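**Student:** If you scroll down you'll find the structure; I have some questions about it.
Every read-out reported here was derived from the displayed coordinates using simple, explicitly stated rules and does not represent laboratory data. Note that this is a predicted model, so its numbers are computed, not measured. Cβ coordinates were reconstructed from backbone atoms using ideal geometry, including for glycine residues, and neighbour counts include every protein chain displayed.
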């Protein structure tokens, strides 16, 4: 089998790939989403009329929730 005869080349290729992965991981790191960093997502539906985004931000600021963001979705 030629695969077994060239095992040194395959070990070197595998080691180079692992080394490149470790280097790239140490340089760029991982980008964790909300799944891993924690946090909450709350979606609110208004049956009649949606209030202005500034009014919602102002109402949330008085609750002292920490860092929060308000994003519009839907129509």
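**Student:** State the label only: which of (1) 0.97; (2) 1.00; (3) 1.41 corresponds to Rg/Rh (Cα atoms, Kirkwood Rh) computed from the shown model?
**Tutor:** Among (1) 0.97; (2) 1.00; (3) 1.41, the one derived from this structure is (3).
**Student:** If you don't mind, another one. Based on the Cβ-Cβ distance of residue 56 and residue 36, what FRET efficiency does E = 1/(1 + (r/R0)^6) give at R0 = 25 Å, to the nearest 0.05?
**Tutor:** Values: r = 27 Å, r/R0 = 1.08.
After rounding, the FRET efficiency stands at 0.40.
**Student:** Exposure proxy check: 57, 5 ranked by fewest other beta carbons within 10 Å? Provide the component values of the computation, followed by the final result.
**Tutor:** Numbers: 57 12, 5 8.
Arranged by neighbour count, lowest to highest, 57, 5 become 5, 57.
**Student:** Classify region 33-75: rounded, prolate or oblate, from the alpha-carbon gyration tensor (a ≥ b ≥ c, eigenvalue square roots; a/c under 1.5 rounded; otherwise prolate if a/b is larger than b/c)? Write out the running numbers ahead of the final one.
**Tutor:** Working: a/c = 2.64, a/b = 1.38, b/c = 1.91.
In terms of gyration-tensor shape, oblate.
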